[in-house]
Amino acid sequence: MSNRIPLIYSPKVLELFRNPKNLGAIPDADIHGTAGSLACGDMIAIYIKLSSDGKNIEKATFESYGCAANIAAASIMTEMIKGKSLEEAWNIDWKTITEELGGLPSVKYHCGVLAVGALRRAIRKYFEGRGDKPSWLPEDLTHEEKHAIEEEKLMEQLSKRVQSLK
Ligand code: FES
């Protein structure tokens, strides 16, 4: 008999998991970034299309190979950044996402962190590619970006260990 305790998700998380908004890729995205690794399943990709003047986010979508919390976090995040400037989108952190979702079980915080990590990584890559870093973009990686790297390293190690057991 299993003694696992089921996770309690908020109604908002369940609703977005069942009917995610903004799911899918944007083939001609101006901005694209990923976080996590497909090797172990927790991977998220963010796509952004900018308005014709390049100032605002016209459309934002995601693909997620993560759990219900990750799908819900990415879904609500892409809703929240629509119409915003890249600076405004950058300033949305994982705690805000979690609040908007009506909370997450603490073991699922990382799913929201990973979603924001993918977004910030995408924005940083966009400006690096253009070679014109705005003053609001910090030199140092933020908590969410560092988390994405740590998670990727961890998944790589796990996947190597699993391979070595085969
Ligand atoms: Fe890893 Fe949710 S994305 S458990």
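A few comments on the model shown:
- From 54, 41, residue being within 16 Å of the ligand (Cβ to nearest atom) and at pLDDT below 95: 41
- Sole exception among (1) within 16 Å of the ligand (Cβ to nearest atom); (2) within 20 Å of residue 92 (Cα to Cα) for residue 65, by number: (2)
- Qualifying position, being over 12 Å from the mean Cα position of the chain (by Cα), surrounded by 12 or more Cβ atoms within 10 Å (Cβ to Cβ) and farther than 22 Å from residue 68 by Cβ, among 160, 108, 95, 146: 146
- Scope region 132-143; condition closer than 15 Å to residue 110 by Cα and either among the hydroxyl-bearing types (Ser, Thr, Tyr) or buried (at least 18 other Cβ atoms within 10 Å of the Cβ) (or both); matching residues: 142
- Scanning region 108-166 for residues that are in contact (Cβ under 8 Å) with a residue 60 or more places away in the chain and among the aliphatic types (A, V, I, L, M) turns up 114, 115, 118, 119, 122, 123, 148, 155, 158.
- Within region 70-102, being among the hydrophobic types (A, V, I, L, M, F, W, C) and either over 19 Å from residue 25 (Cα atoms) or more than 16 Å from the ligand (Cβ to nearest atom) (or both) holds for 80, 81, 86, 89, 90, 92, 94, 97, 101.
The values are calculated or read from the model by the stated rules, or taken from the named source; none is laboratory data. A quick note: this is a predicted structure, and the numbers were derived from the prediction, not measured. Positions of Cβ are generated from backbone atoms using ideal geometry, with glycine treated the same way; all protein chains shown enter the neighbour counts.
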